[in-house]
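Let me begin by presenting the structure, written as structure tokens, before commenting on it.
The values are calculated or read from the model by the stated rules, or taken from the named source; none is laboratory data. Keep in mind that what you see is a predicted model, and the values were worked out from it rather than measured. Glycine also receives a Cβ, built like all others from the backbone with ideal geometry; neighbour counts cover every protein chain displayed. SASA here: full protein model, heavy atoms, side chains in, ligands and nucleic acids out. Shrake-Rupley method; radii C 1.70, N 1.55, O 1.52, S 1.80 Å.
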Amino acid sequence: MHELSGAEPILQVKNLKKYFHTPRGELHAVDDVSFEIQEGRTLGVVGESGCGKTTTGRAILRLIEPTSGSILFDGMDITSMDKHRLRMIREKMQIIFQDPYSSLDPRMTVSGIIAEPLIIHRRVSGKKELARRVQKLMEMVELEDRLSSAYPHELDGGRRQRIGIARALALEPKFIVCDEPVSSLDVSVQAQILNLMQDLQDQLGLTYMFVTHDMAVVKHISDEIAVMYLGQIIEKSPAKELFRHQYHPYSRALISAIPKIEAAGADTATILKGEIGSPIEPKPGCRFAPRCDYCIGKCLSENPPLKAVGPERYAACWRAEEM
Amino acid sequence: MDELLLSIRELTTQYITEDSVVHAVNGISLELKTGGSVGLVGESGAGKTTTAYSIMGLLPKLTGKITGGSIIFQGKDLTKIPEDEMRKIRGNQISMIFQDPMTSLNPILTVGDQIAEVLEIHGTATKEEAIAKAGDMLEMVGIPRERMHEYPHQFSGGMKQRVIIAIALACNPKLLIADEPTTALDVTIQAQVLRMIKELKAKLNTSLILISHNLGVVAQVCENVAIMYAGRIVEYGPLRQVFEAPMHPYTEGLLNSIPRIELDKTRLSPIRGMMPDPSVVPPGCIFRPRCPYAEQECAVRAPRITEKSGRNVMCLMHEGIIANKMRVDHA
Amino acid sequence: MEQQMTSANLPVSGISTDRKRKSAFQEFWRRFRKNKLAVAGLAVVVLYILMAIFADLFYSYDFITQNQISNAFAKPLTRAEVDDGNTTVQHLYILGADNFGRDILGRIIHGARVSMVIGFTTIAFACIVGSALGAIAGYYGGKIESVIMRGTDILLAIPNILFALAIVAALGPSFQNLLLAIGITSIPAFVRLMRASVLTVKNQEFVEAARALGARDFRIIVRHIMPNCMAPIIVQATLGIAQSILSATSLSFLGLGIQPPSPEWGNMLSDARSYISYAPHTLLFPGLAIMTVILAYNLIGDGLRDALDPKLKR
Amino acid sequence: MIRYIARRLLMIIPVLIGVTFIVFSLTYISPGDPARMILPQDATDADIAHMRHLMGLDESFLMQYVHFLFGFKSPSEDSSFSYKGLLALDLGRSYVSNRPVFKTILERFPNTALLSLFALVLSVLLSIPAGIISATHQYSPSDMVVSVLSLLGLSMPAFWLGMILIWIFSVKLRIFPSLANPNNLKSLVLPVITLATMNTAVQARMTRSSMLEIIRQDYIRTARAKGLDEKKVIRKHALNNALIPVVTVIGLQVGQLLVGAVLTETVFSYPGIGTIMVDAIQRKDTPQILASVVFVAIVFALVNLVVDIVYAFIDPRIKAQYEGMTKGK
């Protein structure tokens, strides 16, 4: 229905919150996050550990129940769906996991793993068709046919990640959450998988939400990037733009901290003081304030909202314009 | 100070198990001057960590074995000296930092005790002095000395790695081996730790072997770089030269594989195929099956180390046996 | 509905060749076989099972429960006349005779039947009940988990044989009550183990992946969680059988298990206790029988643990 | 720390209630009628009904459980039918000896405690060094010896071992007496060995596997990288960590010791709580059985409480986990 209008977002996330109860208090893993993704595009979600990027991804698929907020997929509100309708919608939304070692059932064969979604959703009516579909999927992710009866532990990380991708693609989804899909792979294999993912996006018109901590990877694969810090999006920008100029001091520090090959020996990193704070019952004010060199009085009392600071650019900082 | 501190010659290390022999390190040679630094770069299974363990004498007792070559450290061959003597060097003259700070500290001893311990072992201090010095070390790595009475679980990952660095540097070692010291850390914490390592290295005039799969990290810290592939150093030279104009097809492939923030690439050019099985050693060049420039000769003749304008490379193209098809300006 | 049936019955691994599926077992067997002691243990257990099944072929039940007072305490390898119904026949007491002149080897062989039945039935019961409870507790968590785990804590708070003792004391000593007592006391170990492994497996990403694919709870538990939790359960079941046999013989020894004149190893030892000084063979052989079978199960358990340990894989 | 102990104490209360409830239920459903047992063979139904009333047996199940916990005042003048309840350590009198059941238990318990304590000390002294040697010399002959011996120990029924020891050392060699009593230390040697064998085996295996696990940890590698010699690596870094799970096992082993004591005491005719129990069961002396099982369960629960507290002292992570929890509130 929406395929014709490219401007229509396929996914809209509004005021998403996910709090966990811990013995030490309420943990604000995701705290009021809103964004949308256009069909066929890639949103990169980047941040350091504990920033809530993974939780956001899982909450969108309701693998974790959101505390509040709404998630609209193709115009349908996922947050209020019952179990039955949720199972239906999962044909359209899938996930690829970080660890190709733990995301595949060690007691199933490669073909068994890829066939499972087709069986769950009764997409095929016989063994022959199932075999044919599995074979086609394996072809799609460039997995050798002879591996169909192998077990995951017999394969390397790259091939395992291909299985995970094939499994996610089996139901022909429109949208895929990619949770650090290349982080545990060696660089040469990582490049192979990134290329594969880009090819599949072009062929199948997929929409990606690409969650990662790797700035270079996120820049490479995304159209748009959201930077998260302690449960909130603090800057959102078209990918290439973000690396030219940052409106939020955290994004700036993050990008400057990436060790670059070109600048060998020349240490240009802006070193942030301290470490990431605790997401448990955060204090009022900007969450980044305690580490921020630009911190002013207002930062300690009021949390800045994410607001437009330029064309297609958003930042959550009281002093964004000065940056 | 330009004297030679460490000289590894034709080092070969194997893991021998019931079922197979894993050729982890296959005759590597490497030299390091006092105060110098070298980065060991490669993908998993390249033999980087095994090289470090061979130097430290920490190979697993039952399986790991140095089967050839020598490691000359300050005139002594570490592969020949008895364990007692090696123990006096370990932690004292050669120290090591490990990849995972979360598990590398003893959970039931305070961090102060763990730093003081290394000082006591090497007889540089009495108990009281050791504890006082442990506090100094903590301060040196940017942790308040009051925290020396706390246990590891009270520290974050970045802080633990600082404690481990404090342990490693407590005896002012001549050589520090850092094995993926920042891989488990976040980018901003990585930047803190890398800068600290660099500063302390300069201050204490320590030589450094930095092991990493991250080319950027090595680029930040090291003067020289050794690119490892399947237990061999396939290319060695001054870091900038190697990264700007790689001579070995693997180095080139590696540089082309990584997405870089400085370049607006829309597509990566990965190395095809996989790392070979380390328990099988085929004849010829080990990189041949994945090499875009390979010729028939590469399957039968093993390349030797060729020295060219201060750089070493292990490829038949540079021995003049096959034509050099690499463009120098890869980027 | 029909559509549902056909696709639900479709085996996931239908595509994979049987050759490969067999190889998973072969892989396990290859690892298990390396452990010579475990293989020896397996051989001993098989021997005992055969003995239990074919006990009547060697000695009739009547014969080994019938008193032959004249041959009391016959030494091993004694040949003596025994009363077989109406006639007297020559009989070789291979392991000697007990205080009633009954053939010790015969009683040991028939005793194997009792012990094997106890071992298998109690553990089968405990394993099914305990694993199911453990799986539910681990998978669903919350209140159900608290109830199950508190119940387990209570059962664990009474040392196991003591609890069995209390059950038998309350219900009276009989074979069924013995099975019940040992069965119940064996449950907590399985509950705890299953819960712990379910908790580990549940948080693995492949379970989350199945959920993301829209799989129902039942499918997730049966297809993904259970198969990955079986290794420790199998090991525990093996060791549990050893424990169960030991408990049964202990209770019988105390006069609270199998009642005389049924041939049971614990019983035999209980009788032998009064004659330690002049008929040590009545003490020695039944004890050896218990020890070998328990040792065998322990060896198999250790072997299974090593062969199934995922940490040792790759 | 005090809060932690208080919390642990609170946590054992529901367990104890559950235990007493189960044991009480068991006696409640047991087929024998205590009233009939006390009265002579020719008692009439009316006599029995009256006696049931006097003993409080005609009341509801729940009421009887309440009596069991908090005491029962018999309508009879004969005070022997009244008792103050479990909380006052009074569950009435034995049907057989007519003595207060807990009096007998408290008299005999020190004997069992003595035997168990000796066995515990012996097994700890043997098993921990054996387990360490075995683990640090994996696949060596000493490892083989320890492994084989511990497997044998694990497989030997205690009562059989006890009798074999009697046969060898009392009957054949005449070194130790075959009957044991708490006033003669020499007579305790055989029962202590009998009782300690299984525990030693279990603990040695546990220490070995725990040690092997710890030796593979990263922080052991850190310790070696410091230049520490192997002995110190084991003593200072590996051992303490490896003993944490072993301590738990020792706690659980106390339960096994109490069970083992039943068998061992029977074999050596030792006047402990085990023989009380066996006698009581054989004579269907319900109050005595009930009291003994509940008593042992309480002792077991308290021992495990102590173990948990010790645990928190050895492992700072556990202490912190708890302190973190209270801080948040």
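Would you confirm whether any residue within the range C:18-27 is open to solvent by less than 50 Å² (accessible area, probe 1.4 Å), within 14 Å of chain A (Cβ to nearest Cβ), modelled with pLDDT under 90 and within 30 Å of D:L151 (Cα to Cα)?
Yes.
For A:S301, only one of the following conditions fails: (1) among the polar types (S, T, N, Q); (2) buried (at least 18 other Cβ atoms within 10 Å of the Cβ); (3) over 22 Å from B:T188 (Cα atoms). What is its number?
(2)
Go through the range C:279-290 and give me each residue that's among the hydrophobic types (A, V, I, L, M, F, W, C) and crowded, with 19+ Cβ neighbours inside 10 Å.
C:A279, C:L283, C:L284, C:F285, C:A289, C:I290, listed by residue number.
Would you confirm, using the coordinates I've provided, whether B:M137 is surrounded by fewer than 24 Cβ atoms within 10 Å (Cβ to Cβ) and in a helix (DSSP H, G or I)?
Considered against the rule, which asks whether it is surrounded by fewer than 24 Cβ atoms within 10 Å (Cβ to Cβ) and in a helix (DSSP H, G or I), B:M137 comes out as no.
Any idea how many residues of the range B:280-318 are part of a loop (DSSP other than H, G, I, E, B) and either open to solvent by 70 Å² or more (accessible area, probe 1.4 Å) or closer than 23 Å to B:A46 by Cα (or both)? Let's see the steps before the verdict.
First pass over the range B:280-318, keeping only residues part of a loop (DSSP other than H, G, I, E, B): B:280-287, B:291-296, B:301-304, B:309-310, B:315-318.
The next check asks that each one be either open to solvent by 70 Å² or more (accessible area, probe 1.4 Å) or closer than 23 Å to B:A46 by Cα (or both); those that pass are B:280-287, B:291-296, B:301-304, B:309, B:315-318.
Qualifying residue count, the range B:280-318: 23.
Please list, ordered by residue number, the helices (runs of 4 or more DSSP H) wholly in the range D:211-329 having 3 or more residues that are hydroxyl-bearing (S, T, Y) and in the same structural domain as D:I133 (by TED's automatic domain parsing).
So the answer is D:239-268, D:286-314.
Condition first: open to solvent by 20 Å² or more (accessible area, probe 1.4 Å), assigned to a loop (DSSP other than H, G, I, E, B), within 20 Å of D:T20 (Cα to Cα) and touching a strand residue (DSSP E or B) at 6+ places or on another chain (Cβ under 8 Å). Now tell me which residues in the range D:72-109 satisfy that.
Within the range D:72-109, D:S82, D:K84 meet the criteria.
Across the range B:78-94, what is the total count of residues that are within 12 Å of chain D (Cβ to nearest Cβ) and either hydroxyl-bearing (S, T, Y) or within 17 Å of the chain's Cα centre (by Cα) (or both)?
Of the residues in the range B:78-94, 4 are within 12 Å of chain D (Cβ to nearest Cβ) and either hydroxyl-bearing (S, T, Y) or within 17 Å of the chain's Cα centre (by Cα) (or both).
Test of understanding: among D:I12, D:I17, D:I22, which residue is assigned to a helix (DSSP H, G or I) and surrounded by fewer than 18 Cβ atoms within 10 Å (Cβ to Cβ)?
Matching residue, one of D:I12, D:I17, D:I22: D:I17.
Only one of A:Q94, A:Q98 is more than 15 Å from A:V13 (Cα to Cα), in contact with a strand residue (DSSP E or B) (Cβ under 6 Å, 6 or more places away or on another chain), touching a residue at least 12 places away in the same chain (Cβ under 8 Å) and not in a strand (DSSP E or B). Can you tell me which?
Of the residues listed, the single one that is more than 15 Å from A:V13 (Cα to Cα), in contact with a strand residue (DSSP E or B) (Cβ under 6 Å, 6 or more places away or on another chain), touching a residue at least 12 places away in the same chain (Cβ under 8 Å) and not in a strand (DSSP E or B) is A:Q98.
Take the residues in the range A:67-88 that are assigned to a loop (DSSP other than H, G, I, E, B) and within 14 Å of chain C (Cβ to nearest Cβ), then tell me which one is most open to solvent (accessible area, probe 1.4 Å).
The selected residue is A:D82.
Here's the yes/no breakdown for (1) surrounded by 22 or more Cβ atoms within 10 Å (Cβ to Cβ); (2) modelled with pLDDT of 90 or more:
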{"position": "C:H224", "(1), (2)": "yes, yes"}
{"position": "C:T238", "(1), (2)": "yes, yes"}
{"position": "C:I241", "(1), (2)": "yes, yes"}
{"position": "C:S244", "(1), (2)": "yes, yes"}
{"position": "C:T249", "(1), (2)": "yes, yes"}
{"position": "C:S252", "(1), (2)": "yes, yes"}
{"position": "C:G257", "(1), (2)": "yes, no"}
{"position": "C:L269", "(1), (2)": "yes, yes"}
{"position": "C:S277", "(1), (2)": "no, no"}
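Is it true that some residue in the range A:143-158 is open to solvent by 30 Å² or more (accessible area, probe 1.4 Å), more than 8 Å from every other protein chain (Cβ to nearest Cβ) and within 25 Å of A:L61 (Cα to Cα)?
no
Report whether or not A:L130 is within 11 Å of another protein chain (Cβ to nearest Cβ), modelled with pLDDT of 90 or more, in a helix (DSSP H, G or I) and under 28 Å from A:I89 (Cβ atoms).
yes
Restrict the check to the range A:8-30 and report whether at least one residue is at pLDDT 90 or above, among the aliphatic types (A, V, I, L, M) and not in a strand (DSSP E or B).
Scanning the range A:8-30 turns up no residue that is at pLDDT 90 or above, among the aliphatic types (A, V, I, L, M) and not in a strand (DSSP E or B).
Here are D:G255, D:G251, D:G227: which of them is open to solvent by less than 10 Å² (accessible area, probe 1.4 Å), at pLDDT below 90 and at the interface with another protein chain (Cβ under 7 Å from one of its Cβ atoms)?
Just a single option satisfies the conditions, and that option is D:G255.
Where residues in the range B:98-124 are closer than 20 Å to B:T206 by Cα and facing another protein chain (nearest Cβ under 9 Å), which of them is most open to solvent (accessible area, probe 1.4 Å)?
B:Q99
Could you figure out which of (1) within 24 Å of the chain's Cα centre (by Cα); (2) closer than 23 Å to B:T183 by Cα isn't true of A:R291?
The single condition A:R291 does not satisfy is (1).
Within the range C:56-79, how many residues are outside any helix (DSSP H, G or I) and buried (at least 16 other Cβ atoms within 10 Å of the Cβ)?
Here is the first cut: in the range C:56-79, the ones outside any helix (DSSP H, G or I) are C:59-60, C:66-68, C:72-79.
Applying the additional criterion that residues be buried (at least 16 other Cβ atoms within 10 Å of the Cβ) yields C:59, C:66, C:68, C:72-74.
The number of residues fulfilling the criteria is 6.
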